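Beneath this line is the structure, given in structure tokens, with notes to follow.
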Amino acid sequence: MSGQQGDVQIEFGEPVTAGTVTINGVDTDVVGSDTIWTATTIGAMSSIELLETVDIDIQGFTSVDTAKEMGIYSAALPTDLVVSLSVGKTCYGGNSRDNVAVTGTVHGVTSGSLVTLELLDTSNIMVEQTTTTVNSSGLWSLGNWDLSSQTGSFSVKATLERGAINKTSASEAIQLERRKGDC
């Protein structure tokens, strides 16, 4: 998912006039007024989904009250952590239960990061768990999750971790049947 724009919201402690902002070295359009400003990259940023932080440089903002230009501010800010999932089909019956396909996307972690998948019963209790890794495009997949020991109605969710931050995807329903014809 290369080619996305980046944006950051900046809040000042006093009213200011516009200045300049770069995000990972990419120039931005800066809009806002008073104490709240938003900077959106003019050009696309490459491979933003695999960045845990972005470098922000803020300068040239001038205080409305004192007419003094504020100093240059640079910081590495954490990116949003996002994980999504998609179950290959909603019902697996017979032998297909040993090859359940689940795929998804992530933002905010590096290639090789782990995604934890959980199969939850109707009481929201985890009955199966496995992991897979994020590839260099911010995608993950598991094409052969063996759930042949399970039957009934379940949901699947994916969890992504970055340090002390956890993000869980929305759950998707899945039906597992003993016989293929029951799907």
Subject >> Criterion violated by Ser84 - all others in (1) of a type outside the set (Asp, Glu); (2) open to solvent by less than 20 Å² (accessible area, probe 1.4 Å); (3) under 17 Å from the mean Cα position of the chain (by Cα) satisfied >> reply: (2)
**OP:** Mind listing just one residue for me: the one in the range 135-159 that is among the aliphatic types (A, V, I, L, M) and modelled with pLDDT of 95 or more and, of those, nearest to Val82 (Cα to Cα)?
**Re:** Ala158
Original post:
Counting only residues that are at positive phi and either open to solvent by 70 Å² or more (accessible area, probe 1.4 Å) or free of Cβ contacts under 8 Å to residues at least 24 places away in the same chain (or both), how many does the range 133-183 have?
Top reply: 1
Original post:
Does any residue of the range 31-48 turn out to be within 18 Å of the chain's Cα centre (by Cα), modelled with pLDDT under 95, closer than 20 Å to Leu160 by Cβ and surrounded by 14 or more Cβ atoms within 10 Å (Cβ to Cβ)?
Top reply: yes
**OP:** Test Leu176 against the stated conditions and say whether it is in a strand (DSSP E or B), modelled with pLDDT of 95 or more and not charged (D, E, K, R).
**Re:** yes
Subject >> Count of residues meeting criterion [touching a residue at least 24 places away in the same chain (Cβ under 8 Å) and within 28 Å of Ala76 (Cβ to Cβ)] in the range 105-131 >> reply: 11
Subject >> Evaluation of Val106 against (1) assigned to a strand (DSSP E or B); (2) loosely packed, with under 13 Cβ neighbours inside 10 Å (one fails), failing number >> reply: (2)
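The values are calculated or read from the model by the stated rules, or taken from the named source; none is laboratory data. Just so it is clear, the model here is predicted, and its values are computed rather than measured. Neighbour counts are summed over all protein chains in view; Cβ atoms, including those assigned to glycine, are modelled from backbone coordinates with ideal geometry. These area figures cover heavy atoms from the full protein model, side chains too; ligands, DNA and RNA do not enter into them. Shrake-Rupley method; radii C 1.70, N 1.55, O 1.52, S 1.80 Å.
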